[in-house]
Each structure stands twice: as structure tokens, then as C-alpha cells.
Amino acid sequence: MAPRATAAPTLHKVIMVGSGGVGKSALTLQFMYDEFVEDYEPTKADSYRKKVVLDGEEVQIDILDTAGQEDYAAIRDNYFRSGEGFLCVFSITEPESFDATQEFREQILRVKNDENIPFLLVGNKSDLQEKRRVPLDACTERAAAWRVPYVETSAKTRDNVDKVFFDLMREIRSRKSDDSRASNGQVKKGKSKRFKCQIL
Amino acid sequence: MGPPPVVTGISPKEGPPGTRVTIRGEFLGTSATDLIGLKICGCDCLLSAEWKSKNKIIARSGPCKGRGDIIVTTRSGGEGTSTVQFRGYHESIGPVKESAVWVEESAPLSLPWGRRPMSPTTYTPPDPLGLSTEGDDCKFPEEELHELYPDGSGNLSDENFEPGWYLLEHHSNTSYEDLKAGMVFLQRKVEGQKEGQLHLLKANTGAVMEQLDRLVLLKNMFEEDERKAGREPLPSLQAAIEESITLADSLFSEILSRKDNADKTREALSLLTRHKFLFQLPANIDKNIKKKDYDLVVNDYARVKNLFGNTDVKLFQKILADIDRKIDDLKTKLREQIQTMPINIQDQRKYIRLLISLNWDGDAAWVAINSRKDYLMALLDKVKDHFKQKEEQEAADKGKRKSKPDSSGWSAAAGEWLAAACALLAEQLAALWTLAKWYFAGELAGSPTANNRQEQFKQMIIESVELFATHMRGCLLPAGGAGGAGGGGAGGGAGGAGAERVRARLVENLRALREMYEALIKLDLPSQPLSIVEGVIFEYRAHGMTAFLQRALRRVNSLAGQETWRIVEFTEYGAITNTPHELEAIVKDALTQIHECVFAPGRRERPLLEAGALQQHSRPLLLAAAPALDHPPPDQQEFNNSSLSVALDQPLDETLPHSAGQDRGPSWQQRLLIAACNAHYTRKVTLNNIAKAYEQYEFPVPTLAIQTTKEALSNLEATIAETYLEHKGDPLVGTIEPSMYMGRHKVDPDEVVEDARPYVYEIINNLIAVHAEVDSVCGSASTRYVRDICETVCEELARLAAAAPAGGSRAAAFRARLEYRLLHVACQSHLTRKAENYLMEALASVPPLEFDEDKKRMEVLVEDFKKRMELQLASLNSNMEIV
């Protein structure tokens, strides 16, 4: 790893993706500041970073909260490239947002060019069970197809909020340790890029 | 000192200057005042910072460029740190970018904006290495490039192109592997270009061969055609084409024309729909006019004028003309309606408004006012004619039955007429006035200020009121004094019941007039027309008063004829009949009526007495009292038939049946006396009572009239006295001479005169008779008559004595003296100075007594006479004793 990074705690870059209004910012703010924001204001691109203790080790989590709206679809590529792990969020009350996860998944895989990128499928708004319109079966089925974990959260009740972030960080951490082990051998395209940057 | 602030979140993480940024973190200050510094990318943003909580601040980014920390400084925690960064950038504004600044689009921007080049001039060639330039924005600083390659350029098309520059600029982040792959790509491309035409042919052999085959085929086909159609195939082809064109045309012409028609129809339909309003307007106007929905018509008309007023379209103009015609008709109709009476004032106002809004060029309100006034006048005339006719008819009917002309002022028809006219005037004038008020207030447009309209209108009002006044005068007031007198006879004849009716009518009529007058006052009319009406009322009141007074006068006049000569009372002024009382009653009655009915003035009316009419009319009334109390003309028959003795006997026979066996009541002489008493009584008592009555009713006391009446009554008394004297005294005096000469006129000179001659006794008896008569009637006032008669008698004696002096014989002288002496004794109490003088005169012509024995005898004879005649003397002087 870069010599600069050794002084500072390890940084895990998490990117929130998903359709507009599914609760990406709500999850982020709940995780960061334990607050639930009721009023909806579309996000453009927000950045959060704080120190957390992950399994006894102090790490830094950097969360990039992206825009869900289609208007910003063009600039998503740029953001995705810097992400190490993705929380793909949809609302269990909104089938369209569930459908859109497919598209996000494809875009991420295209940009990252990595089938095993740390990725969690998150069904948000689990507190609104009575309004549920995306059956649990469909969610788990899709997660299984992608070979990713599926977690249902509620930004409102903070249910599973910490879990999704910490699970993702664990995934990222294990991927990084795998990478560093493999860095001496065959080198992945995405990783070599980073490596070159360091040199320049 | 608390913990320093830590910014852990930024939303959004990038943006142009002025972006609203939500900063989140920890220990961002305990309060708004605790926040003392905020820097975003080195720019101070404290001014725009809005402290929300210790975890949240909202601010606006400053004019920073590039990535930078967000540093929050608090009083409690000092300068803080940031784990996140904000990137400021300056937006280049393009044609499709929303901006508050106007972008000049006509001149193309020189610098390339956005990803894709928009014009060939700004075309950037694709990356020669075939690598995507997307991604890392991490730019190599331009200044360094310039330092490294002072003469170079990164542009591929430039002559001084420096590959190093280009690589640094575009691929500073590209990995070594990628660069190698790019190198391979570039090499292949260059090789491809080098291989050239041979390479092309090799690659496309099949296609080339195929093309050759096709060309040969074409050549063969062409040659065959030439053989078939000759060398010039074009003309026939052209002919065929032309033919087909014609055919096609003919085929389609019908369809096309049909389509044209359809288009036209559609167009016309759409036009109709679009201007439905206009096309349907004439019908609508008719309909609305029929429904009397004039407002709608006016609105529509205004709208159509607005919309199509200036149209050039012939059709529209035609329709407009049609509409105009209809509107003109409407105007005429409205105008007629304004002028058609009767009409509700509100309706009239509405119509006037409508006319105004239809731009009628006349002064609608003025026309309305005029027609209203004409209508009022006509109505008044009509009412007049109607009632005149009715009256005439009534009069004719009555004429058949009674042949008595009805008093013009009191008939029922007149009352009705008055009521009708009053109601009419009040109502119509109110309407007219209201209309005019609107008009002059400018509510009804027109030109109220023009041509002295105010003056004209005033004239109108006055005119109509005057007409009313004239009619009312004609209706209520008789044409002149003659009419009143004529009616008077009838009224008098009608008696008490008639009087009541008249009074009721008068009050009724007056009430109607006053009500009308009140109504006019309420209207706020100018004073001039009001005064005209008031004049009518006043005249009518005066007329009523006059009527009462005239009626009283007639009754007084008729009193004379009704005198019964029945004595009802003995007063200190003598015996009177009912007449003075009746006179008083009549006058009082009249005054009461006047007071009750007409005296009290209504609102804004003159007091009735101002004109002095009462005085004027009181005078004849009171003066009429004198003739009413006058003595009856002498009954010729009675006078002729009655001898003196009979006349003298009458008082004695008063209670007995008259010689003719008829109860004729008091004799003529008695009546004469009663009349005198009546006059006296009236003068002293009744007139005073009447004056008091005047005072009681607050009327001015007609002092002059009363004075005159008193004088007249005095004269009457004098006249009566004279007449009485004439009728009583003359025969009495006339008897003296014959009686004196009767028998022994020539006295024997030596004869001893023992007694007076019988004529003396006759005189005394006659005097007694007269005295008795007078006293029975006049009581204490009787002395005057007896005195006068005594005087006459004495005068006659003196005349006789002078004519035939008793000189000569002693006896004759003695007798004459004795006679005079006896008379003197008998009449002593009634003798005036003048009478005594007469007696003295008569005595003077008689020689005085020369002998004592004669004197003594005279005394004896006188005493004897007194004794003998004691009863007679007592009766002659009775009243003195009574008094």
C-alpha cells in the first residue's frame, strides 16, 4: 500500500447507488449521525467520511452518496470508478426501484470490470411492510443470482443500518487483503491502475 | 475548551460558487454565536453560514476553485479539521445549460465545451492510442507542460506537436499496460494505412468481379432494347408519359375538386363555429328583444362592436349592418317605450340607460322627461274632462229631478276629481322629479347642463303644477262671486244636512290637497311650484271660509223671513224674539266651522287670516244682521182696515182671538217694537258675544264691522222709533184737532167751565194705550216712544193753540188753560223739555187767569181731575213706578 496511507487508518470507499427516493441519503445520515431526515431533497453527490471501529480495528469509511435521478446518470461512471464497495439500495414498496437495481448492477460491473466487487443488495423501508410490493422471494432470488448478500433495512428505525455498512466494509477489507496477496502474482486491471497512479 | 470541530460530511461535494452546501460533522459549535469561522476551500463563507445544530451547518460556497477542506472554527473548540473535501469549479456556460446569464448563441464559442465537439472546427480527433480518455480528471498542470516543452503543443494537428505533451496531458493516469496496448493499436493503424490499394483489391476481389458481370449484363439489355424500340425511344415514351399524366389528372381531378369542396366546407364550418357569436347575433337580438332581455342585447352589441367593429370582411359588414338595423329598431322601440305612458319610473330609467349604452344620439332622459311631463298634462286634462262630463251628466240628472243647479264646489264628482287629480299629480310629479334628479345628477348621461335644461325643467314643473292649480281652481272654486251666490241659494236651501255634507267634503278635499302638498314637499321641489300649490290650498281654504261665511250670511238673511215674532225673553232691553240668539248662533257656528276646517294651516302654508278675507266677509255678515232684524213691512190690509181705535185696542186684545178670528201673533206695531228691542239687544249683547267668539277662536275681531253694525242697528232703532211714532203718533195727533172742534168748540163766554173738553181725555186715553203697548213690549226702554209721542202731541197742541187762539172769552181762556194744565199733569213724567216748551207756548197764547176765583176753581178742577183720573194717571206713569 501507499506509504502515505500507513499513517492514517485504512480507508474504505463505499458508494451508495439506487433509484431516486429509495433512501440512500437516509441510510447514510442514519449511519453517520444517527438521524432520520424526514423531508426529501434530491441528492446530487454528497461525501461523508468518518472513523469507525471495524472488528477492533480503527478504519475510515468514506461514503459517496450519489444521485438516484436519471438526470445524473451520465456522471455516475466517474463516481463508480473510485468506489471499492457498493450498496445497491431499492425500496421494497416500489417495484420500479427494484427493477432498476439490475441496471445499476450492470453499470457497476461494466465500469469496475470485476464480477466479485464488494456489493450488497439492500431492500430499504422495511418498516413499511404493509406497503410492501416487492416480495422477499424475488429479492433473495436476485441476490442469489448475483451471488451477493441481501439485507432488508429501515433507515427510519435504524434496523440493519450498521449491519449493511459493516458487512460491506468487511467484504472490502477481505478483498483488499486478497488483492495484496495476489499483487505479487497476476495483477488485476483495476488494481494495476491504482498502482500506476502511485508511481506517477 | 471543548473538542475541535470535525467536518465529516458535505452535501454536495462539488459545485460552482454559490452552491448551497450542507456541512455535517461533530462539535460544530454550541450555538449560532459560537460559530466564528467557516472556510470552504480557503474561502471565507461565514457570512452565508447558517448554524442548524452542533452537527449541521448550511452555507454557500465561495468563489473557490479546486478541491479543498471545510474548516469550521468555533469559540468553544477552536479551529477544526475536515475529513471530506469540497470541489469548487467554474461552470462554462453553453447553449443548453440553464443559466441566469444570457448566452450569446449567434457567435459559436471558440473553446470546445462539453464532451462532444459540435462543429468541424472544434473537432478533436479520436485518441490515436485508441484508449478512452474518460475518467480521471486528474490533470497534469498546464504550466509544467509549458515548462517542459517550451515550443511544443499538445494538439495532434499542430506542426510543433509534442507526443510527450499529449501523453502527459491525456494519459497521465493511464497504466503502463494500457499504454503498451495503445502502442500496438497505433502501430496496426499505421501499417494498415501503408498497405494501400493492393490491399483493397485483395480484400474485395469477389465484389469487383460481380460488378464486372453486372456491367456486361446491362450492356446486353441495352442493345436488345435498342433493337426493339429503335434508336429514338424517347418520343413514344414521352407520349406515354403525357398520356398517363392526363389520365392521372382526370382521375384525380374529381377527387381533388371534391377535396377542395370539402376543404372549403370545412373552412366555412370552422369559420361559422369561430364566429358563431356574430352569425347568431341577429337571431339572438330578436329573441332577447322578444324576451325583453335588453341588457343582454346591449352587452352583445357592445361585444360585437368591439370584436368586429373594424372588420373588412364583407360578410361581417353585412351582418353588422343587419345588427345595426336591428339595434336601430330597438332604439326606436325603446324610445317609444320611454314615451309610452304609463310607465314605471324604474323601467323608464332602465330603458334610458339602455339607450345610452346603445349610443343613441338623442338625449334620452330629456325626451323621457318631456314625454312624462306631456303625459302628466294630458292626464290632468283627461281627468278634468272626465269629471266635467260626469258632473254635467249629474247636473242634467239632477236638473230633471230637482231643476236645481248643484254647487260646483261641493258635488261628489268634484271631490272625486280633486282626489284623482291630487293623486295623479303627486304620483306623476314624483316620478318626473325623480327622473329629473337622476338626469341632472348626470346618472342618465345626456347633456343636463346644456341649453338651460334646468331652467326648462323648472318651467315644466311650474307649468304642470299651474295646470293642476287651474284645474283645481276650476273644480273647487266657483267661477266668481255669482257662482258662489248661486250655489249659496242651493246650499241654504239644502239646510242642515247639506251643511254637514259640505263640511265633510270640504275637509275631505282639503285633506287630499294637503296630502298631495306634503308629497310634493317631500320631493324637495323648488319653492315656486310649491307656492302655486300652496296658493291653491290657501284659496280653497279661503273659499271654504267664504263659503261658511256666505252660508251664515244667507241664513242670517233668511232669518228675516223666518221671524215668528214670538217673544221668548224679556230682557233689560225689552222683549226679544229668538232672532238675536239665532243670529249669534249662526255666526258662532260659522266661526266654529271655519276654525275646525280651514283655519289651522298645514305645513308650509300661509295663515289663513293673512289676506284679511275673514274681515272682509265678516262685515257683510254682521251688516246683514241689521236688515235681518228690521221691522216687517206694514201689513197693508191690516193697516187699512184697522181704524185707529182698533189699532189702539189691539194691545188689549193680545190674548184674545183677533177680530178676524186668526191668530196672527203680535200686531204690526208690536212687531215693530219687538224689532227695535231685538236691534237694541243685538247691539248691546249679541255683538259683544260675537266679538268674544272671534277672540276665542283667535280670529281678529272685526271691530270696524261691529262698530258699523252697531251704528246700523242704532239707525235701525231710530228708524223704527220714527216709524212707530209716525204710525202711532200721527193718527193720535190727527184726532186732536177734529176732537177739539167737535161739538162745543165755540164756548159760551159766560159758561162756567167745569171740565176739560173730551179731546183731552181722548188724548190721555190714547197716550195710555200707546204707553201700555210700548211698555208691554219694550219694558224699561219704552219711555222713549211715549216721550216722543207726548212731544208730538204737545207740538200739535201748540200748533192748534197758535192757529186758533183761545182768546176772547174768559171761559174759553180758562178752559184752554185748564186743558193744558190737565194734560201737563197727565203727561208730567213723560214730558221732555221740548214738550214743556210746546205746552208753555200753547199756554202763552192763552190769556192768563185774572180772577182768583178762577184760579181757585182751576185748582179744584185739577185736584178733582187727579182724583177722578187717578187710575189712568197711574197707568200712564206706571213704568216710572216700576223702575
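The values are calculated or read from the model by the stated rules, or taken from the named source; none is laboratory data. Bear in mind that the values here come from a model prediction, so they are computed numbers and not experimental data. Counting neighbours? That spans all protein chains shown, and the Cβs are built from the backbone with ideal geometry, glycine included. For the accessible areas, the whole protein counts, side chains as well, though only heavy atoms, and no ligand, DNA or RNA atoms are used. Shrake-Rupley method; radii C 1.70, N 1.55, O 1.52, S 1.80 Å.
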I'd like to know which of B:Ala248, B:Gln280, B:Ile338 lies farthest towards the positive end of the charge dipole of region B:248-372, counting +1 on Cβ of Lys and Arg and -1 on Cβ of Asp and Glu.
B:Ile338
What accessible surface, in Å², does a 1.4 Å probe find on B:His543, ignoring ligands, DNA and RNA and rounding to the nearest 10?
30 Å²
Please list, or write none, the lysines whose alpha carbon is within less than 29 Å of the alpha carbon of B:Lys194, excluding same-chain residues fewer than 8 places away.
B:Lys180, B:Lys202
Report, as an integer, the average count of C-beta atoms from other chains found within 10 Å of each Cβ along B:167-179.
3
Keeping all protein chains in place and using 1.4 angstrom, which order do B:Val216, B:Val84 fall into by accessible surface area, from largest down?
B:Val216, B:Val84
Can you tell me what the convex hull of the Cα atoms of chain A projects to on average, as an area in nm²?
11.6 nm²
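Can you quote the Å³ per residue value for the convex hull of the Cα atoms in region B:507-549, rounded to an integer? Could the numbers behind the result be given before it?
Details: hull volume 1.9 nm³, N = 43.
For region B:507-549, the hull spanned by Cα atoms encloses 45 Å³ per residue.
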Would you tell me the accessible area of B:Thr311, worked out with a 1.4 angstrom probe on the heavy atoms of the protein chains, in Å² to the nearest 10?
30 Å²
Region A:10-195: relative contact order as a whole-number percent, Cα under 8 Å and 6+ apart
24 percent
Flagged links, alpha-carbon separation over 27 Å, of B:Lys728/B:Lys856; A:Lys44/A:Lys125; A:Lys176/B:Lys54
B:Lys728/B:Lys856; A:Lys176/B:Lys54
Expressed as a percent, the accessible surface of region A:23-140 that is carbon or sulfur, using a 1.4 Å probe and the full set of protein chains, is 46 percent
Size of the A/B contact, given as accessible area buried on both chains, probe 1.4 Å, in Å²
1900 Å²
Rg/Rh of region A:66-149 (Cα atoms, Kirkwood Rh), to two decimals, equals 0.97
Straight distance only, please: which lysines reach the Cα of B:Lys384 with their own Cα at less than 20 Å, same-chain residues fewer than 8 apart left out?
B:Lys373
What is the dipole size for region A:10-195, taken about its Cα centre, with +1 at each Lys and Arg Cβ and -1 at each Asp and Glu Cβ, in debye to the nearest 20?
960 debye
Using protein chains only and a probe of 1.4 angstrom, how many square angstrom of B:Glu466 are accessible, to the nearest 10?
90 Å²
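Kindly flag which residue pairs out of B:Lys292/B:Lys326; A:Lys51/B:Lys65; B:Lys39/B:Lys65; B:Lys291/B:Lys333; B:Lys333/B:Lys458 have an alpha-carbon separation exceeding 25 Å in this structure.
Details: B:Lys292/B:Lys326 14 Å; A:Lys51/B:Lys65 28 Å; B:Lys39/B:Lys65 13 Å; B:Lys291/B:Lys333 14 Å; B:Lys333/B:Lys458 28 Å.
In this structure, A:Lys51/B:Lys65; B:Lys333/B:Lys458 exceed 25 Å between Cα atoms.
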